[in-house]
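One structure is given below, encoded as structure tokens.
Readers should treat all values here as calculations from the given coordinates under stated rules, not as data from a laboratory. Please read these numbers as outputs of a predicted model, since none were measured by experiment. Here the Cβ positions follow ideal geometry from the backbone for every residue, glycine too, while neighbour counts run over all protein chains shown.
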Amino acid sequence: MKEQLINRPKGTDGKAILGSDNTTALNKLEKVALNDLDKDKISDLAECLFVLNNKKYGPIPGAYMVMCTKPGKEWCVAQLNADRAKPFILYEDKVFTSIEEAQKAAEKIKKERGETAPRRCT
């Protein structure tokens, strides 16, 4: 058994030990967005994002999204984040009154940073 654990490929320990970077506190928008979400589903999402990010923690380059923060009134640019405690990063300075404006801002950030959609390494 011990030899199996030693020889196991790095990063394949599973969701039970998938960690979190708790050094970055949640901002106001993130606290509200995460408040009522199912913790088990967030954990499952974090596991998927960890794999999508080539088994690394942190923000996923090129993986931006728009999240509705006030139904029908407010949308925010966000970035997917491979972290159990914070699966997305909401940008408090990128809040808009239309989804179209938010989508344009997300594309602009991606272009300015020269990022492409994430690709899984094999």
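Specify whether the C-alpha gyration tensor of region 23-122 places it in the rounded, prolate or oblate class, a ≥ b ≥ c being the square roots of the eigenvalues: rounded for a/c under 1.5, otherwise prolate if a/b is larger than b/c and oblate if not.
Oblate, since a/c reaches 1.5 and b/c is not below a/b.
Of the cross-linked pairs 28/94; 28/86; 70/94; 39/94, which ones have a Cα-Cα span greater than 19 Å in the structure shown?
39/94
With each pseudo-label sitting 7 Å past Cα toward Cβ, what's the residue 51-residue 38 distance in nm, one decimal?
1.8 nm
Peptides 32-40, 98-106, 84-92: what's the order by average Cβ count within 10 Å, highest mean first?
Final packing ranking: 84-92, 98-106, 32-40.
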